[in-house]
Amino acid sequence: MDSLATPTKTASLIARNLVPTVGVLFLGWSAGNLLVLYYLDTILSFAVVVLLVARHVTGLGKPRERSRPLQGSLDWIKASLGSLLAAVLICLPLGVPLAWTLAAFDWSMSAALADRSFLTGLALQIGGSIYGGLQAHRDLLARTDDERVLKHRAAFIVARWLVVLAVAFTGVAGLLGAWIGGALVVLVYAGATIYFEFFPGRALSWLNPKEARTDAAEDAARKRRAS
């Protein structure tokens, strides 16, 4: 295991990621709604990463000669909207296979919008993304490896969703139907989340092996200097 996790944290991570699968199989939860929420979470998470990269890596908000620091909430709102637009454009192609799967499940947007639990989940995602972004910003202010942290976070988001898309491309979920097939895709998302949380370096290794090897070499060098 690449990450250090206590048994309690491990159990919590597994439990909260497996609950949606149980909900689909035994509690009548809509797999289609969950997958849409997962996709929207991917967009929101990527928007947060884009905003944090702009702020902590490329210089937005830092008082440099050619960059004006963000002035109050209005500047942050503008930057956040720009990051959200960038994330939507980046993630839009990643939603095409999901659309095929939802069509096979006979998912309806109007039915989802009439579902209070779906709207509640959406509101919680938006609130969680805002809170998580603020917390990540504070954490990065106390670190010196901002670029490395954000690079791995972006790899985690993309790799997890690509695993889901790999299943969607096979068409198996659509053949199995909204109940079993939907539970399968939700379980795959949960499994990818758990795996990449347990092994945080694996996502980058999968997407960009050369960059991952460079990071590993830099980590080894830092440990040697510290010892």
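What follows draws every value from the coordinates through simple rules; no lab data is involved. Small disclaimer: the values here were computed from a predicted structure and weren't measured. Counting neighbours? That spans all protein chains shown, and the Cβs are built from the backbone with ideal geometry, glycine included.
Candidates (i) 29, 19, 18; (ii) 32, 23, 16; (iii) 36, 23, 15; which is the computed semi-axes √(5λ) of the Cα gyration tensor in Å? So the structure-derived entry is (ii). The protection proxy used here, the mean number of other Cβ atoms lying within 10 Å of each residue, ranks peptides 27-38, 191-202 as follows, highest first: 27-38, 191-202. Step through the table entries Lys9/Lys210; Lys78/Lys151; Lys9/Lys223; Lys78/Lys223, compare each Cα-Cα distance with 28 Å, and write down the pairs that go over it. Listed pairs above 28 Å: Lys9/Lys210; Lys78/Lys223.
Estimated at 0.36 nm per residue, the fully extended path between Ala166 and Val22 surpasses their Cα-Cα distance by 49.6 nm. For region 7-226, a simple Cβ point-charge model (Lys and Arg +1, Asp and Glu -1, everything else neutral) yields a dipole of about 840 debye relative to the Cα centre. Available extension along the chain between His137 and Trp179 is 11.2 nm, counting 0.36 nm per residue and deducting the alpha carbon span. Using only side-chain charges placed at the Cβ, +1 for Lys and Arg and -1 for Asp and Glu, the dipole size of region 136-227 relative to its Cα centre rounds to 280 debye.
Where does the charge balance sit around Gly32 when Lys and Arg score +1, Asp and Glu -1, over other residues with C-beta under 14 Å from its C-beta? Surrounding charge for Gly32 is -2. The Cβ shell under 14 Å around Ala47 holds other residues with a net charge of +2, Lys and Arg each +1, Asp and Glu each -1. Each Cα pair under 8 Å and six or more residues apart adds its sequence gap; the mean of these over the residue count of the chain is a relative contact order of 32 percent. Computed from backbone phi, the HN-Hα couplings of region 192-202 come to 5, 4, 4, 4, 6, 6, 5, 10, x, x, 6 Hz, rounded to whole numbers (Karplus: 6.51 cos²θ - 1.76 cosθ + 1.60, θ = phi - 60°; Gly and Pro given as x). Per-residue Cβ neighbour counts within 10 Å put Leu124, Leu84 in the sequence Leu124, Leu84, beginning with the fewest. The long axis of helix 209-226 is offset from the longest Cα principal axis of the chain by roughly 50 degrees.
Find how much the distance from Asp145 to Asp75 grows on full extension, using 0.36 nm per residue of separation minus their present alpha carbon separation; answer in nm with one decimal. Spell out each step's value before the answer.
Values: separation 70, 0.36 × 70 = 25.20 nm, distance 2.48 nm.
So the chain would gain 22.7 nm between Asp145 and Asp75.
Where only DSSP H runs of four or more residues are counted, the chain gives -27000 deg cm²/dmol as its mean residue ellipticity at 222 nm, each run worth -39500 (n - 2.57). Using the Cβ-Cβ distance between Leu13 and Met109 with R0 set to 35 Å, the FRET efficiency from 1/(1 + (r/R0)^6) comes to roughly 0.65.
By the count of neighbouring beta-carbon atoms within 10 Å, fewest first, Leu94, Leu81 end up ordered Leu81, Leu94.
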